[in-house]
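Step one of this worksheet: look at the structure below.
What follows is calculated from the coordinates using simple rules that are stated; it is not laboratory data. Because the structure is a prediction, the values reported are computed rather than measured. We place every Cβ from the backbone using ideal geometry, glycine too, and count neighbours over all the protein chains shown.
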Amino acid sequence: MAIEIKELTSRKENYSQWYNDLVIKADLAENSAVRGCMVIKPYGYAIWERIQRQLDDMFKATGHVNAYFPLFIPKSFLSREASHVEGFAKECAVVTHYRLKNSPNGQGVVVDPEARLEEELIVRPTSETIIWNTYKNWIQSHRDLPVLCNQWANVVRWEMRTRLFLRTAEFLWQEGHTAHATKEEAVEEAVKMLNVYADFAEKYMALPVVKGVKTANERFAGAVDTYCIEALMQDGKALQAGTSHFLGQNFAKAFDVQFLNKEGQREYVWATSWGVSTRLMGALIMAHSDDNGLVLPPRLAPFQVVIVPIFKNDEQLALIREQARKIVDALEALNIRVKLDDSDNKKPGWKFAEYELKGVPVRLALGARDLENGTIEVARRDTLTKETLPVENIAAHVQTLLADIQENIYQKALNFRAENTITVDSYDEFKEKIEDGGFILAHWDGTPETEDRIKEETKATIRCIPLAGDTPPGKCMLTGKPSAQRVIFARAY
RNA sequence: CGAGAUAUAGCGCAGUUGGUAGCGCGCCACGUUCGGGACGUGGAGGCCGGGCGUUCGAGUCGCCCUAUCUCGACCA
């Protein structure tokens, strides 16, 4: 009996279906009864918790603190910043009433028309407005600055089309909101947090990303500059994995947040905001998985090692369990997260397939044969290879193996991106190559009109203007006008 | 919100000219198994998405809802 994921295959035209099935079968999440929302299952949430914990440490190491702001935002707040309302108004969930009553026809309940709110409340699509309304009370002097807050929260955006983890109506995220005395400091903060995200993506998620700036078209509603990290998925589509915005004084002006500087003059505060969401889970799944299921980088795997005993009867199991527990202790002494699955209601072969589907990096199999020979079978998820090794010092071996797997997964993704990144100079070539997916480096004249036309004709968008690398000027592939540097085009999620 | 498709057991599906519902997986019990998703025997599980209509009779035909999926527009 083959694993069902395998039967679907990862052919590009089936990629969406394959991804969805993978998420569901690996026990990460499922569609909920509520439109566009998902249920994150315990195993999926355990991965999210690891992402959360690591990011939270990184935020704190850069001087940030956590806070919490309301779920509901008065409608009027959203209209204060003009481009912000433009960007979000169309996709907001709105609370209009505060009470239900028994239905007049005796069937269930209806909204009580008399309980209409004087001012509607918006379920936050992002918290800039409610936070800046609060910051107004917190900030009077340059001595109150900077304010460096982060919030872990859920937000709601009433998207037309949804997909597990990548675009759900409700999602979990963190949003950092900072206030600064100077423009330079705020820009520095936005770039600093972009680097935190990039570090996290590469070191923990084993996901290579390109750091860049968004074009005006793709910019966050209300931002002066939007920095982003862009990753390439295995089907050749790009995924925006995180954003960091330099907001200028837009929100300070909209909410009248001023401070008295050292010279005794009143000035508007400079702002940033930055966020990553459960979409990172989608990136993790799409970047590394194969037809056997998930491939989790060891640093984010809820358990890094699973031990599967192989036994014929209770006596054998007792002996194997004794040995297995010693190995568990040795691994835990090295801070390795390990699960011993000694349940007797599933066969070994079933467990092998199950933990592969769940992406557990290392599997140790221990049977009567091993007890006799003093050996253990070690299998790695990333290469699907296995070898039989002496059981002594197995913990130390696993430790280096985990580091090796982490590195290997990253290199594999990096190689994939390198193979799927090309440089193109003519628009004809661009139109041809964009069909193959991947990143395309091309010159662009810097105008929204050109960007729109390319998007319309090819469905490709400018993912970002890369911050690093050789950036010689050239000529726009479409209009031939001057271009300061190549930008990254791709079709995106 | 546009275009297409789907809705039958927990999941995946079949169901012929309309005649009162089936298969695989899973689940429960017992036995044999256990180094790559074991097998046998027995069993439980259904308002065939909802409503209206045609008909002696509707899972099947017609109309109207609703939900979901795929592709667009929108987006972390």
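Observations on the model:
- When the charge dipole of chain A is built from unit charges on Cβ atoms (+1 for Lys and Arg, -1 for Asp and Glu) and taken about the Cα centre, the candidate among A:Leu317, A:Phe352, A:Val34 whose Cα reaches farthest toward its positive end is A:Val34.
- Whichever aspartates and glutamates have a C-alpha closer than 17 Å to that of A:Lys339, once near sequence neighbours (fewer than 8 apart) are set aside: A:Asp27, A:Glu322, A:Asp329, A:Glu354, A:Glu356, A:Glu377
- Nearby lysines by direct alpha-carbon distance to A:Lys136 (threshold 17 angstrom, same-chain neighbours under 8 apart not counted): A:Lys253
- Once each of the trypsin sites (Lys or Arg not before Pro) sitting in a DSSP loop with at most 14 other beta-carbon atoms within 10 Å is removed, chain A keeps A:347-458 as its longest stretch.
- The string of couplings for the stretch A:295-300 from the Karplus curve (6.51, -1.76, 1.60, θ = phi - 60°) is 10, 9, x, x, 5, 10 Hz, one whole number per residue in order, with x for Gly and Pro.
- Charge tally for A:Ala181 (other residues, Cβ to Cβ under 10 Å; Lys, Arg +1; Asp, Glu -1): -1.
- From the alpha carbon centroid of the stretch A:25-47 to that of the stretch A:339-395 is 28 Å.
- Considering helices alone, the calculated mean residue ellipticity of chain A at 222 nm is -11000 deg cm²/dmol, with DSSP H runs of length four and up weighted by -39500 (n - 2.57) and normalised per residue.
- Once the Cβ-Cβ distance of A:Asn415 and A:Thr96 is raised to the sixth power relative to R0 = 51 Å, the FRET efficiency obtained is 0.45.
- Cβ-defined net charge surrounding A:Ala484, 15 Å radius [Lys, Arg +1; Asp, Glu -1]: 0
- Inter-part distance where the stretch A:261-323 and the stretch A:50-109 are each reduced to a Cα centre, Å: 26
- Assigned charges on the beta-carbon of Lys, Arg, Asp, Glu; the stretch A:66-161 dipole about Cα centre (debye): 120
- Projecting the Cα atoms of A:Asn154, A:Ile51, A:Gln240 onto the charge dipole of chain A, computed from C-beta unit charges around the Cα centre, puts A:Asn154 farthest toward the positive end.
- Backbone geometry of the stretch A:44-57 corresponds, through the Karplus equation with coefficients 6.51, -1.76 and 1.60 at θ = phi - 60°, to 3J(HN,Hα) couplings of x, 5, 4, 5, 4, 4, 5, 4, 4, 4, 5, 4, 4, 4 Hz, x marking Gly and Pro.
- Each Lys and Arg Cβ is given +1 and each Asp and Glu Cβ -1; about its Cα centre, chain A then shows a dipole of about 520 debye.
- For the stretch A:165-209 versus the stretch A:414-473, the gap between their alpha-carbon centres in whole angstrom: 24
- Within-15-Å neighbourhood charge of A:Pro473 [Cβ basis; K, R +1; D, E -1]: 0
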